[in-house]
Amino acid sequence: MDEFVVYILYSEKYSKTYVGFTSNLIERFKSHNSLSKEGYTVKFRPWKVLYVAFFTSKSEALKREKLLKTGKGREFIKRLVSDL
């Protein structure tokens, strides 16, 4: 059975967040923190995992990712960061 993950990363050093979706969180996290040579996340390393949600359907995961990128989602993320 496939598992899909929506995650929020946080760069304490730069006070930045990143919302993503994957079916392999460990490899994706490695990619954001060390393997990738280009892209948004490369500039703001190191990243910490701030939030993770697991889904059994890709469509549900994508729906959550999309929600987190709305104004309401960004408010939720701000609250998570302020609780650190």
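Sorted from largest down, what three extents in whole angstroms do the Cα atoms of the chain have along their principal axes?
Over the chain, Cα extents along the principal axes are 35, 30, 19 Å.
I'd like the chymotrypsin sites (Phe, Trp or Tyr not before Pro) in region 1-76 restricted to DSSP loop residues with at most 12 other Cβ atoms within 10 Å, sorted by number.
14
Taking 8 Å as the Cα distance limit and 6 or more residues as the minimum spacing, I'd like the relative contact order of the chain as a percentage.
37 percent.
Can you pull the one-decimal nm distance between simple spin-label points at residue 75 and residue 62, each 7 Å off the Cα toward Cβ?
Modelled inter-label distance: 2.7 nm.
Roughly how many debye, to the nearest 20, is the charge dipole of region 4-82 about its Cα centre, given +1 on each Lys and Arg Cβ, -1 on each Asp and Glu Cβ, and no other charges?
Rounded to the nearest 20 debye, it is 200 debye.
Which is the longest run of the chain containing none of the trypsin sites (Lys or Arg not before Pro) found in DSSP loop states (not H, G, I, E, B) with at most 16 other C-beta atoms within 10 Å?
Between the exposed loop sites, the longest stretch runs 38-68.
If you average the alpha carbon positions of region 18-41 and of region 66-84, how far apart do those two centres end up, in angstrom?
Cα centroid to Cα centroid, the span is 19 Å.
Along the charge dipole of the chain, pointing to its positive end and built from +1/-1 on Cβ of Lys, Arg, Asp and Glu, which listed residue (55, 25, 9) has its Cα farthest out?
Value: 9.
Laboratory data are not the source of any read-out in this text; all were calculated from the coordinates shown. Small disclaimer: the values here were computed from a predicted structure and weren't measured. Cβ atoms come from the backbone with ideal geometry, glycine included; neighbour counts cover every protein chain shown.
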